[in-house]
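Novice: The structure's right below; bear with me while I get my questions together.
The values are calculated or read from the model by the stated rules, or taken from the named source; none is laboratory data. Quantities reported herein were computed from a predicted structural model and do not represent experimental measurements. Quick reminder, even Gly has a Cβ in these numbers, built from the backbone with ideal geometry, and neighbours come from all protein chains shown. SASA here: full protein model, heavy atoms, side chains in, ligands and nucleic acids out. Shrake-Rupley method; radii C 1.70, N 1.55, O 1.52, S 1.80 Å.
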Amino acid sequence: MSEHLTAFQQPIKDGLIRILLRIGDIECEVENDAPDFVNPIEDRPLLTVTPEADLKDITDVFLDSYPLELNKRKSKDDKLVWNLPEGGIWFDMKMDNVKEVWLSEFSFFIESDKPRYVAYYIRNVEHNIEWLQPDVKSGEIKSLSTFKKKFTPPPVSEKNVYSGAEILKCADMLGRAIGKIDMRTQEALVKFNTEKGNLEPMLIGMADKLGYSVKALDKEVIAREGDKGRSVSHSISLK
């Protein structure tokens, strides 16, 4: 697959290294307020990637939005899977700031070309960051190192707008979840109704302010607990 990406084809200037944020399957739940005349399968959404670290002095690639293609083979009625045609986002930089980029987390947001009717809630993004450099002998650009990233929902920010009812709902769910924490392990597995992910940033932000950590559970954990008859979606623990 690598040889088809322009990141492995365009030459790297002397004194620079290339960073590739490789982005695989983007799994989403979709909310469609106009199913009679809007079909998400025919949508042409755009992907925005926001690094946790401030990288604007290093690169401007994260100021752009990128068109996505539907992965029809993996998509189902209750879940759509999108892919970035290029397979990732890349840029060249000096080695001095590589640690800042390498350790940064990344948030992902998908906007429909019909945002009035269709909203996407990202459940998982396969992504890792790679360090590319030319081979000394052949000159072929190769990946020297790969750092696998774990998807986490973006924290609440000033861009998020919640109603009073939604804030009260989050406070109520959080209060119930805190009451379930086992003081021996200082953790509990709980079920949050995040309304397709919309309330997740609020829950995470509120918990953080109160001294707790809320994290979405891996599919394997959810399935394992489901086999035990327990419906869970998140863990909550003391920080």
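Novice: Name the residue farthest towards the positive end of the dipole of segment 116-239 from the options 206, 189, 161, assuming +1 on Cβ of Lys and Arg, -1 on Cβ of Asp and Glu, about the Cα centre.
Specialist: So the residue we want is 189.
Novice: Still on this model: May I ask you to rank 95, 183, 206 by accessible area, largest first, using a 1.4 Å probe over the protein chains only?
Specialist: Sorted descending by solvent-accessible area, the residues read 183, 95, 206.
Novice: Still on this model: Just want to confirm a number: the relative contact order over the chain, from Cα pairs under 8 angstrom separated by 6+ residues, in percent.
Specialist: 21
Novice: Counting Lys and Arg as +1 and Asp and Glu as -1, each charge on the Cβ, what is the dipole of the chain about the Cα centre in debye, to the nearest 20?
Specialist: It works out to roughly 840 debye.
Novice: Follow-up question, since we're still on this one. Taking only Cα atoms, what is the 0 to 90° angle, nearest 10, from helix 164-179's long axis to the longest principal axis of the chain?
Specialist: Helix 164-179 sits at roughly 80 degrees to that axis.
Novice: Using a 7 Å offset from Cα along Cα-Cβ at residue 225, what residues in segment 187-206 end up with backbone N under 12 Å from the label point?
Specialist: Label zone hits: 187-193.
Novice: May I ask you to list the lysines whose Cα is less than 26 Å away from that of residue 56, ignoring any residue fewer than eight positions away on the same chain?
Specialist: Correct list for residue 56: 13, 94, 99, 142, 148, 149, 150, 159.
Novice: Counting only protein heavy atoms and a 1.4 Å probe, tell me what percentage of segment 103-239's accessible area is made up of carbon and sulfur.
Specialist: 53
Novice: For the peptides 109-115, 174-180, what is the packing order when you average, over each peptide's residues, the other Cβ atoms within 10 Å and list the highest mean first?
Specialist: Put in order of decreasing packing, that is 109-115, 174-180.
Novice: OK, next. Restricting things to alpha carbons, tell me how big the chain is in terms of Rg and Dmax, in Å.
Specialist: 20.2, 63
Novice: Continuing with this model, one more query. Mind checking the full-extension length gain between residue 210 and residue 191? Use 0.36 nm per residue of separation minus the Cα-Cα distance, one decimal, nm.
Specialist: Roughly 5.0 nm would be gained on extension.
Novice: I would also like to ask the following. Might you report the magnitude of the Cβ-based charge dipole of segment 1-88 about its Cα centre, with Lys and Arg at +1 and Asp and Glu at -1, to the nearest 20 debye?
Specialist: 480
Novice: On a 0 to 90 degree scale, rounded to 10, what angle separates helix 200-209 from the longest Cα axis of the chain?
Specialist: That helix lies at roughly 80 degrees to the long axis.
Novice: Tell me, Kirkwood radius of segment 1-129 from alpha-carbon pair distances, in Å?
Specialist: In segment 1-129 this quantity evaluates to 16.0 Å.
Novice: Sticking with this one: Where Rh is the Kirkwood radius over the Cα pairs of segment 34-82, the temperature 37 °C and the viscosity 0.692 mPa s, what D in µm²/s does Stokes-Einstein return?
Specialist: 249
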